[in-house]
Amino acid sequence: MKKAGGFYELMYKKEAIILRRGLKIVAIKYDIDAYKMKYIKGIYNELKPFYDCEIPILFWLELFTAQFTHLRKFK
């Protein structure tokens, strides 16, 4: 996320949101397997079995929330 520049920037790069007339719009990806092959890779590769939705931002938001909650416990 840091490398992308923030959460929304990462979501744009992962095509979980699209920009239309300056607004952030939630993307829908009907081909779940194609999305997994294109965007769930690298450090996220182990999460492929858990990705099963047509709205990618829901998956990424859960991941972000889990990471944030985990970090807060160790402060």
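The values are calculated or read from the model by the stated rules, or taken from the named source; none is laboratory data. Remember, predicted model here, so these are calculated numbers, not experimental data. Note that each Cβ is placed from the backbone with ideal geometry, even for glycine, and that neighbours are counted across all protein chains shown.
When the criteria are applied in full, Asp52 meets the requirement of being in contact with a Phe, Trp or Tyr (Cβ under 9 Å, 6 or more places away or on another chain), free of Cβ contacts under 8 Å to residues at least 40 places away in the same chain and among the acidic types (Asp, Glu).
Can you list residue pairs whose Cβ atoms sit under 8 Å apart, with the first residue in the stretch 1-19 being under 15 Å from Leu61 (Cβ atoms) and part of a strand (DSSP E or B) and the second being modelled with pLDDT under 90 and not basic (Lys, Arg)? Count only pairs 6 or more apart in sequence or on different chains. As it stands, the answer is Ile17/Tyr8, since those pairs meet every condition given.
Which residue, of Leu19, Leu23, Leu47, is among the hydrophobic types (A, V, I, L, M, F, W, C) and under 17 Å from Thr65 (Cα atoms)?
On the way: Leu19 fails: under 17 Å from Thr65 (Cα atoms); Leu23 fails: under 17 Å from Thr65 (Cα atoms).
So the residue among Leu19, Leu23, Leu47 that is among the hydrophobic types (A, V, I, L, M, F, W, C) and under 17 Å from Thr65 (Cα atoms) is Leu47.
Within the stretch 17-43, the set of residues being in contact with a Leu (Cβ under 8 Å, 6 or more places away or on another chain) and surrounded by 13 or more Cβ atoms within 10 Å (Cβ to Cβ) comprises Ile40 only.
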